[in-house]
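Taking it in order: structure first as structure tokens, then the write-up.
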Amino acid sequence: MRSPATARLVLLLLTALPLAAVPCGATPRPQDPPSVQGLPTAPPPSGIRPSRKAEERRAEPPAPVPDTDPVPRRATSRVLDEALTLEVRGMERSAADAALRAAVSELRDAERLLDPHGDAANGLAALDAAAGGEPVALDPRLIDLLQRALSFCIWSGGAHGPLGGDLYALWGFGSAATGRPTAASLERAVEAAGCDRLRIDETSASVQLADGSRVELWGFARGFLVDRAMAVLEEHGAENAYVELGWVRRALGSRDSKPEEEGRGWPVTLPVFPGQDRPLDRVWLRDESLSVASALHRPLIVGGDRYAPYLDQRDGQPAKGVTGVVTVTQIAVDAEALAASMMILGNRQGQLLVGGLKPSPSVLWLLGGGEGVPLLAQYDWSRIALR
């Protein structure tokens with residue numbers, strides 16, 4: 001029997017303790033530990049693992065993309081020491097990959113034809129070696145390129161053509177020149193670059209090169225390779241594709257990656273030219289090609305001085321007064337050759353010549369010496385800029 005004092009002590013303790021409402025017959029649930037202010041409650045102990053079903057779901061590999069699901073496919077490489085990118089959209093994956101592999105293989109083969117020191121029996125090296133001799137049978141693809149380059153030589157009045165090998169060597173193109181070319185050496189090289197010193201017989205697929213002349217396809221070769229890659233992609237069924245080699249680009253179809261871009265084409269962000277602090281513009285290509293010529297890309301360095309890497313083959317002197325040119329036209333070899341020609345000819349003489357071209361190109365000149373903000377001149381550029 002408890003004493004009155006003991007009973008009063010027990011009653012005092014019971015009234016001091018908080019009571020939790022627990023249903024009758026239920027087991028009290030342990031309360032979650034309180035959280036520290038600003039931090040979530042501690043995670044469950046490591047011994048608690050997901051259910052077997054959850055583990056099975058986690059172990060399952062991701063569902064493969066069906067081969068019939070058209071997804072963008074891209075290939076990258078280097079050709080002519082330039083970065084190459086090819087992209088195809090709207091094709092089944094295996095077909096797109098086969099097209100990209102075939103295009104890269106085509107470029108590797110064409111690059112061997114263009115090697116002036118290569119061993120291709122029907123390539124450029126064979127033609128240079130036969131200068132002054134009998135006509136040489138060449139690969140039909142190379143003949144097409146030489147024919148196109150020769151037409152630009154005639155169109156530009158001899159300013160830009162395929163026979164500037166000696167001229168570019170004198171100015172140290174590809175290697176540092178020991179000094180400024182002499183007047184006599186320039187005179188001989190200008191004569192060797194004449195348009196009439198290359199004869200092409202398309203019937204026999206042969207070419208004859210005059211004695212003392214040497215082929216230089218700077219300003220033509222990258223566009224030629226871009227066109228070859230696009231031709232192979234089209235042969236494999238591509239209807240929406242893009243090829244980029246350095247600053248020569250060609251687009252087929254319209255990329256349409258976003259609803260707001262529907263029908264605009266493939267976007268190309270132009271480079272930052274001297275005197276600018278941001279890219280010049282962003283343009284869209286639809287079944288067109290674009291090329292950029294710059295006075296600062298691969299410049300000629302002679303005696304510590306820098307010159308634009310485009311030579312006027314009429315007098316052997318580097319282009320002056322133009323910082324850069326952007327051209328847009330149908331095929332890539334024309335876009336590159338046109339950009340080089342417009343660097344040499346400038347905007348005044350250039351505008352007189354481009355007016356007669358079909359299809360009509362778009363040309364943007366950046367005038368100046370590379371110091372300060374360039375002055376812009378254009379021919380039908382708004383057709384591209386306002387898309």
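If you check Gly158, Gly172, Gly194 for being farther than 29 Å from Gly355 by Cα and touching a residue at least 12 places away in the same chain (Cβ under 8 Å), only one passes: Gly172. Being surrounded by fewer than 17 Cβ atoms within 10 Å (Cβ to Cβ), farther than 17 Å from Tyr168 by Cβ and at pLDDT below 95 is a description that applies to Gly372.
Pairing residues of segment 328-349 that are on the phi > 0 side of the Ramachandran plot and modelled with pLDDT of 95 or more with residues that are part of a helix (DSSP H, G or I) and surrounded by fewer than 24 Cβ atoms within 10 Å (Cβ to Cβ), at Cβ distances under 7 Å and at least 6 apart in sequence or on separate chains, gives no pairs at all. Restricting attention to segment 172-201, the residues that are among the acidic types (Asp, Glu) and closer than 14 Å to Val136 by Cβ total 1. Based on what the data block shows, is Arg214 more than 32 Å from the chain's Cα centre (by Cα) and of a type in the set (Lys, Arg)? In short, no. Count of segment 77-114 residues, restricted to those that are part of a loop (DSSP other than H, G, I, E, B), of a type in the set (D, E, K, R) and within 18 Å of Val226 (Cβ to Cβ), is 2. You will find that of Gly38, Gly47, the residue that is at pLDDT below 50, part of a loop (DSSP other than H, G, I, E, B), at positive phi and loosely packed, with under 10 Cβ neighbours inside 10 Å is Gly38 and no other. Report yes if Glu262 is at pLDDT 95 or above and either out of contact with any helix residue (DSSP H, G or I) (no Cβ under 9 Å at 6 or more places or on another chain) or among the charged types (D, E, K, R) (or both), otherwise no. No. Of the residues Ala159, Ala131, Ala149, the single one that is farther than 23 Å from Arg108 by Cα, surrounded by 21 or more Cβ atoms within 10 Å (Cβ to Cβ), modelled with pLDDT of 95 or more and of a type in the set (Gly, Ala, Ser) is Ala159.
Against the list (1) touching a Gly at 6+ places or on another chain (Cβ under 7 Å); (2) of a type outside the set (D, E, K, R); (3) surrounded by 23 or more Cβ atoms within 10 Å (Cβ to Cβ); (4) within 30 Å of Ala184 (Cα to Cα), the condition Leu338 fails is (1). Look through Leu209, Leu217 and report the one residue that is in contact with a Leu (Cβ under 9 Å, 6 or more places away or on another chain), within 22 Å of Ala308 (Cα to Cα) and touching a residue at least 24 places away in the same chain (Cβ under 8 Å). Going through Leu209, Leu217 in turn, just one is in contact with a Leu (Cβ under 9 Å, 6 or more places away or on another chain), within 22 Å of Ala308 (Cα to Cα) and touching a residue at least 24 places away in the same chain (Cβ under 8 Å): Leu217. Residues of segment 324-340 that are assigned to a strand (DSSP E or B) and among the β-branched types (Val, Ile, Thr): Val325, Val326, Thr327, Val328, Thr329. Can you tell me which of (1) surrounded by 21 or more Cβ atoms within 10 Å (Cβ to Cβ); (2) part of a loop (DSSP other than H, G, I, E, B) is the one Tyr242 doesn't meet? For Tyr242, the failing item is (2). If the requirement is being over 15 Å from the mean Cα position of the chain (by Cα) and outside any loop (DSSP other than H, G, I, E, B), which of these qualifies: Arg298, Arg306? Of Arg298, Arg306, the one residue that is over 15 Å from the mean Cα position of the chain (by Cα) and outside any loop (DSSP other than H, G, I, E, B) is Arg306.
Just one of (1) surrounded by 14 or more Cβ atoms within 10 Å (Cβ to Cβ); (2) of a type in the set (A, V, I, L, M, F, W, C); (3) modelled with pLDDT under 95 fails for Ala75. It is (3). Pairs are defined by a Cβ separation below 8 Å, a sequence spacing of at least 6 or placement on different chains, a first member in segment 225-239 that is under 16 Å from Asp334 (Cβ atoms) and charged (D, E, K, R), and a second member that is part of a loop (DSSP other than H, G, I, E, B) and modelled with pLDDT under 95; no pair meets this definition. Restricted to segment 102-128, and to residues there that are loosely packed, with under 13 Cβ neighbours inside 10 Å and over 27 Å from the mean Cα position of the chain (by Cα), the residue that is nearest to Ser77 (Cα to Cα) is Asp119.
The values are calculated or read from the model by the stated rules, or taken from the named source; none is laboratory data. In this text, all values refer to a predicted model and were calculated from it rather than measured experimentally. Reconstructed Cβ throughout: ideal geometry from the backbone, glycine too, with neighbour counts over all protein chains shown.
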